[in-house]
2 protein chains.
Amino acid sequence: MATIKDVARSAGVSTATVSAVLNDSAYVSPPLRARVLAAIRDLNYSPSLAAQNLKRGRSQLIALVVADLANPFFSRVVWAAEAAVAAWGYSLVVFNSDEKPEAEQRILSRVRMLSCDGVLLVPVGDSTKHLQRDPDEKPLPTVLFGRTVEDDKSDTITIDNISAGRQATEYLLDLGHTRVGSITGPLHLTTGRGRLDGMLAAMKSRGLAPEPRDVRSGEFREDAAYSVARSLLEQQDRPTALYVASGLMALGAMRAIADLGLRCPVDISIASTDTIPGIGGLRPRLTRTEHPLVDMTNEAVRLLVDRIRRGGEVEQRNIVFQPSLVVGDSCAPVGLR
Amino acid sequence: MATIKDVARSAGVSTATVSAVLNDSAYVSPPLRARVLAAIRDLNYSPSLAAQNLKRGRSQLIALVVADLANPFFSRVVWAAEAAVAAWGYSLVVFNSDEKPEAEQRILSRVRMLSCDGVLLVPVGDSTKHLQRDPDEKPLPTVLFGRTVEDDKSDTITIDNISAGRQATEYLLDLGHTRVGSITGPLHLTTGRGRLDGMLAAMKSRGLAPEPRDVRSGEFREDAAYSVARSLLEQQDRPTALYVASGLMALGAMRAIADLGLRCPVDISIASTDTIPGIGGLRPRLTRTEHPLVDMTNEAVRLLVDRIRRGGEVEQRNIVFQPSLVVGDSCAPVGLR
DNA sequence: AACACTCAGCTAAACGATTAGCTAGGTTCA
DNA sequence: TGAACCTAGCTAATCGTTTAGCTGAGTGTT
């Protein structure tokens, strides 16, 4: 690989001049500039990011730490984030904490070692104490995505989970269902807890409450939702409608319904929150709340880049996106059959 | 951030000794070693990868360049690759070439700038001429994944696409279908071409050949497959079975079937190749060939790491994985209805 | 006692960029 | 004419590591 010295020698100038041309950091007369550019072309030179990183103290790298890479929802986040990050001139380093706080901690220390300029984090634990390892060293620019944690000073991008749960549940209630159950996400996560709270609020405002045995929580996974749904629906006395906390889980629930010989929506109505790719092919079409994932991701990257550039001088921002109901045909009026 | 100098000063030794302790690169007496380790702990020191990269000429980064990050198939590759790469002590930088050769080229030059140690590439074009920019500089360690290109010297991990097409088609033929159509991938890709060739071979060996109008090619996308399937199936005189080249496309085809008011498998049988997450929830269950994606990815990373470490001294390796048929209920004997 | 070895640990030169500070020549103006 | 000021480009220090090569003390041999 050619270095800046080779270019300087070949153009008959100093390395400072080459650097000035490369970065437009000082005026260079046209003839010299031309010679430098020619030398760069001849030698097929491109500056070493490693050296730049060392000198400048930044790396052009943004880390994305997701809680479960196997979840298609987060795959879409990876997709959207890669594009957004590239548009700002960064590259995306992807990590999977697999919902394990220890793994998250390991990853974050690696992120520091790599001197990533910032991190887009879907936090796993219920705190980010482990983020600042040293009180006096300046914190790694961070944007929390999708989930929030207690008393953190990072910017956040989230959805209104309560509204999501409420909207989906209200739709079911409007169809006349009174016995509504739910398969929730983990309740220690804001996404799990919030959606359930929204569901409960919707029912409460109509003087209803779910049977305790109709509300089961599980992980945000297809197989977990499948088995939870199975055991929930195997009760001889089961709910007529189900609010399922995520798209991936809805897939599991649908599979359970089919395997139990039930029909959706005739025997049981399903509504859920969030979507995953390919779900559009599913029949019946799922009634669900969706949120603008691409916009959310773009906004998250924008905030992060802003914080990387302007640092602490900008105050904390917490942006909440609103979910909207997408009506499919997975829900029917109660007592249809 | 504490530097190696701070550690050296605090422990009362030279930086060389600290480095020796960190890398086990020379014998350091127990007392000194202990002092160094204590200083490291006190100062919460971790070496700067930027500086190490510059000095060592490597970055602990492996690039993954996929052809379409929006395709759930590649999302699974990201998931598997992240885990494999982390197990070898590397971090994964993800790029999306979006099936565009120019983008791939841009990405690869960025990969060089980042001085990634190696790249796992799902190639987009039909050649990798753009890979070695300079004939004399040593090539970036590369493993081609899934697709191959002409006259390349990289290691490759692929599946036997011909066998995949053949197996799926033979299954349809065994059910008595004689009028079989296909929705293929792009025919300039080995994955698209090979699967079609396998299908044609299977038919030919029984003295059959598809009607030209029953074979349509499209991109590996859900929406593309949807519209191609629609126009194919809207013919009043249509095939009784369809071989679809990918899991994502099969989803599109199924959706087209449903939207046309047809039933699968009663009116039309579908078999496909490869799988995507969540497809297990689909009803009817898709009959398809699957390949061991996780094993393939692990093997690809293993080859890549081996090439990074042992360089040119190891000869080119081309590993072909075999697909296997997974029978669902998306295919029925011909003339069932 | 003189010599050759070992050995632990140090000094200082890289790696490839950026950049503060300098220099030498050219203008401007009293 | 010469002080003051610009200007274009150079010199050299610097970022935080690694590592070749050195040093000086200790050991063993004759």
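Pull up segment A:147-158, narrow it to residues that are more than 12 Å from A:GLU299 (Cβ to Cβ) and not hydroxyl-bearing (Ser, Thr, Tyr), then point me to the one that is surrounded by the fewest Cβ atoms within 10 Å (Cβ to Cβ).
By that ranking, first place goes to A:ASP151.
Does A:GLY198 fit the bill of being buried (at least 24 other Cβ atoms within 10 Å of the Cβ), within 23 Å of A:LEU325 (Cβ to Cβ) and either at pLDDT below 90 or within 14 Å of chain B (Cβ to nearest Cβ) (or both)?
No: the conditions fail for A:GLY198.
Annotation: B:SER272 fulfils all but one of (1) modelled with pLDDT of 90 or more; (2) open to solvent by 50 Å² or more (accessible area, probe 1.4 Å); the unmet one is (2).
The residue list B:VAL334, B:VAL327, B:VAL301, B:VAL320 contains one member that is away from chain A (no Cβ under 12 Å) and closer than 26 Å to A:ASP68 by Cβ, which is B:VAL301.
Report whether or not B:SER10 is of a type outside the set (A, V, I, L, M), closer than 18 Å to A:CYS116 by Cβ and more than 10 Å from DNA strand C (Cβ to nearest atom). For B:SER10, the condition - of a type outside the set (A, V, I, L, M), closer than 18 Å to A:CYS116 by Cβ and more than 10 Å from DNA strand C (Cβ to nearest atom) - is not met. With respect to the conditions (1) closer than 30 Å to A:ARG56 by Cβ; (2) within 10 Å of DNA strand D (Cβ to nearest atom); (3) of a type outside the set (Asp, Glu); (4) more than 11 Å from chain A (Cβ to nearest Cβ), B:ALA39 falls short on a single one, namely (2). Any residue that is under 21 Å from A:PRO72 (Cβ atoms) and at pLDDT below 95 - is there at least one of those in segment B:299-310? Within segment B:299-310, not a single residue is under 21 Å from A:PRO72 (Cβ atoms) and at pLDDT below 95. Checked against (1) under 30 Å from B:HIS291 (Cβ atoms); (2) within 15 Å of DNA strand D (Cβ to nearest atom), B:SER48 passes all but a single condition, namely (1).
The single condition among (1) at pLDDT below 95; (2) at the interface with chain B (Cβ under 10 Å from one of its Cβ atoms); (3) more than 9 Å from DNA strand C (Cβ to nearest atom); (4) open to solvent by 30 Å² or more (accessible area, probe 1.4 Å) that A:GLN52 does not meet is (3). Please tell me if A:SER115 is touching a Ser or Thr at 6+ places or on another chain (Cβ under 7 Å), within 16 Å of DNA strand C (Cβ to nearest atom) and not assigned by TED's automatic domain parsing to the domain that holds A:ALA224. Spelling it out, A:SER115 is indeed touching a Ser or Thr at 6+ places or on another chain (Cβ under 7 Å), within 16 Å of DNA strand C (Cβ to nearest atom) and not assigned by TED's automatic domain parsing to the domain that holds A:ALA224.
Quick grid of which residues meet (1) at negative phi; (2) surrounded by 24 or more Cβ atoms within 10 Å (Cβ to Cβ):
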position: A:GLY176; (1), (2): no, no
position: A:SER182; (1), (2): yes, yes
position: A:THR190; (1), (2): yes, no
position: A:ALA229; (1), (2): yes, yes
position: A:LEU233; (1), (2): yes, no
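A:ASN44 fulfils the conditions (1) more than 10 Å from DNA strand C (Cβ to nearest atom); (2) more than 14 Å from every other protein chain (Cβ to nearest Cβ); (3) surrounded by fewer than 17 Cβ atoms within 10 Å (Cβ to Cβ); (4) of a type in the set (S, T, N, Q) except for a single criterion, (2). Please find, within segment B:242-290, the residue that is farthest from the chain's Cα centre (by Cα) out of those that are of a type in the set (S, T, N, Q) and farther than 27 Å from A:ARG76 by Cβ. Across segment B:242-290, the extreme among qualifying residues is B:SER269. Scanning segment B:3-28 for residues that are surrounded by fewer than 17 Cβ atoms within 10 Å (Cβ to Cβ), outside any helix (DSSP H, G or I) and within 12 Å of DNA strand D (Cβ to nearest atom) turns up B:THR3, B:SER14, B:ASP24, B:SER25, B:ALA26, B:TYR27.
Restricted to segment B:62-118, and to residues there that are open to solvent by 10 Å² or more (accessible area, probe 1.4 Å) and hydroxyl-bearing (Ser, Thr, Tyr), the residue that is nearest to the other protein chains (Cβ to nearest Cβ) is B:SER75. Taking first residues from segment A:35-58 that are more than 20 Å from B:VAL111 (Cα to Cα) and partners that are within 13 Å of DNA strand D (Cβ to nearest atom) and in a helix (DSSP H, G or I), the Cβ contacts under 6 Å between residues at least 6 apart in sequence or on separate chains come to A:ARG35/A:ALA11; A:VAL36/A:ALA11; A:VAL36/A:VAL18; A:VAL36/A:VAL21; A:ALA39/A:VAL7; A:ALA39/A:SER10; A:ALA39/A:ALA11. Residues of segment A:303-320 that are surrounded by fewer than 16 Cβ atoms within 10 Å (Cβ to Cβ) and under 24 Å from the mean Cα position of the chain (by Cα): A:ARG309, A:ARG310, A:GLY311, A:GLY312, A:VAL314, A:GLU315, A:GLN316, A:ARG317, A:ASN318, A:ILE319, A:VAL320.
In a residue-by-residue description of segment B:238-250, the property of being under 21 Å from B:LEU175 (Cα atoms), open to solvent by 10 Å² or more (accessible area, probe 1.4 Å) and of a type outside the set (A, V, I, L, M) applies to at least one position.
Taken together, the criteria exclude B:ASN71 from residues that are within 16 Å of the chain's Cα centre (by Cα), modelled with pLDDT of 95 or more, among the polar types (S, T, N, Q) and away from DNA strand C (no atom under 16 Å from the Cβ).
Out of B:VAL305, B:VAL334, one residue alone is over 16 Å from B:THR142 (Cβ atoms) and not assigned by TED's automatic domain parsing to the domain that holds B:GLY194. It is B:VAL334.
Looking at segment B:77-87, can you tell me whether even one residue there is within 30 Å of B:ALA224 (Cα to Cα), touching a Cys at 6+ places or on another chain (Cβ under 8 Å) and in the same structural domain as B:ASP306 (by TED's automatic domain parsing)? Within segment B:77-87, not a single residue is within 30 Å of B:ALA224 (Cα to Cα), touching a Cys at 6+ places or on another chain (Cβ under 8 Å) and in the same structural domain as B:ASP306 (by TED's automatic domain parsing).
If A:SER217 passes every condition in (1) under 21 Å from A:GLY328 (Cβ atoms); (2) among the small types (Gly, Ala, Ser); (3) open to solvent by 10 Å² or more (accessible area, probe 1.4 Å) but one, which one does it miss? Here A:SER217 meets the rest and fails (1).
Taken over segment A:169-204, the residue count meeting the criterion of being assigned to a loop (DSSP other than H, G, I, E, B) and in contact with a Cys (Cβ under 7 Å, 6 or more places away or on another chain) is 1.
The values are calculated or read from the model by the stated rules, or taken from the named source; none is laboratory data. Bear in mind the structure is a predicted one, so any value in this text is a computation, not a measurement. Cβ atoms come from the backbone with ideal geometry, glycine included; neighbour counts cover every protein chain shown. When the accessible area is computed, the model is the full protein with side chains, heavy atoms only, and any ligands, DNA or RNA have been set aside. Shrake-Rupley method; radii C 1.70, N 1.55, O 1.52, S 1.80 Å.
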